[in-house]
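K.L.:
The structure's right below; bear with me while I get my questions together.
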Amino acid sequence: MSDDCIFCQIVAGEIPSHTVYEDDDVFAFLDVNPLAPGHTLVIPKGHHERLNDLPDDTAENLYAAIHDLIPAVEAAVDAPASNVGFNNGAESGQEVPHVHGHVIPRFADDGGSPIHAVGGTAPDLEDEELAAIADDVAAARS
Ligand code: 5GP
Ligand code: ZN
């Protein structure tokens, strides 16, 4: 636990939340400023800042909980769809430095946008540039 982390304090019960799910490794609760009814945050109980900081077993447990919760959240608010995503690092818009997945129910004509809207100005990349980037990603895997 990180003492100055609001999500660690929520897991510890020091800050109240509308809890929707809890197991040994994972905690899920409603976002206090929801983008839609049912907007849910799914987090590891341990304090890790970014997705890539998670131990493998915690990453697996976090995804399993998200997989389980998506249909439950959609059913609870009668949503036909949802956006599911992580802000991963400050430059991406992550404000709380404790890994959290957003499950945001979506409705027809709700005025929202697809996940493509999160990017900045789209780059105009040639096919050779895409190929080079793909090679760089493959080479950078550890
Ligand atoms: P981020 O921008 O870091 O991906 O999203 C952080 C989310 O946490 C925001 O959607 C914000 O509304 C939510 N949030 C921040 N503080 C609290 C809190 O104390 N309780 C709850 N339930 N949600 C919070
Ligand atoms: Zn934390």
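The values are calculated or read from the model by the stated rules, or taken from the named source; none is laboratory data. Not measured: the values here are computed from a predicted model. Note that we place each Cβ from the backbone using ideal geometry, even for glycine, and neighbour counts take in every protein chain shown.
K.L.:
Taking interchain pairs and intrachain pairs at least six residues apart, which have beta carbon atoms under 7 angstrom, with the first residue in the range 54-78 and surrounded by fewer than 14 Cβ atoms within 10 Å (Cβ to Cβ) and the second among the β-branched types (Val, Ile, Thr)?
P.N.:
none
K.L.:
Give the residue, chosen from Ala79, Ala12, Ala75, Ala28, that is more than 30 Å from Ala140 (Cα to Cα) and within 11 Å of ligand 1 (Cβ to nearest atom).
P.N.:
Only one candidate qualifies: Ala28.
K.L.:
Against the condition more than 20 Å from Asp3 (Cα to Cα), more than 15 Å from ligand 2 (Cβ to nearest atom), under 14 Å from the mean Cα position of the chain (by Cα) and not in a helix (DSSP H, G or I), how does Ile104 come out, does it pass?
P.N.:
Here the answer is yes, as Ile104 does meet what is asked.
K.L.:
Quick check on Pro44: is it within 16 Å of ligand 1 (Cβ to nearest atom) and touching a strand residue (DSSP E or B) at 6+ places or on another chain (Cβ under 7 Å)?
P.N.:
Yes; evaluated as a whole, the condition is true for this residue.
K.L.:
Moving to a separate point now. Starting from the range 11-22, take each residue that is in a loop (DSSP other than H, G, I, E, B) and list its partners that are within 15 Å of ligand 2 (Cβ to nearest atom) and modelled with pLDDT of 95 or more, counting only C-beta distances under 7 angstrom and pairs at least six apart or across chains.
P.N.:
Every condition considered, the pairs that remain are Ile15/Ile6; Ile15/Gln9; Ser17/Ile10; Ser17/Phe29; His18/Phe29.
K.L.:
Which residues, taken from the range 10-34, are surrounded by 16 or more Cβ atoms within 10 Å (Cβ to Cβ) and within 14 Å of ligand 2 (Cβ to nearest atom)?
P.N.:
Ile10, Val11, Ser17, Asp25, Val26, Phe27, Phe29, listed by residue number.
K.L.:
Just give me the residues in the range 52-79 being part of a helix (DSSP H, G or I) and among the hydrophobic types (A, V, I, L, M, F, W, C), in sequence order.
P.N.:
Ala59, Leu62, Ala64, Ala65, Ile66, Leu69, Ile70, Ala72, Val73, Ala75, Ala76, Val77
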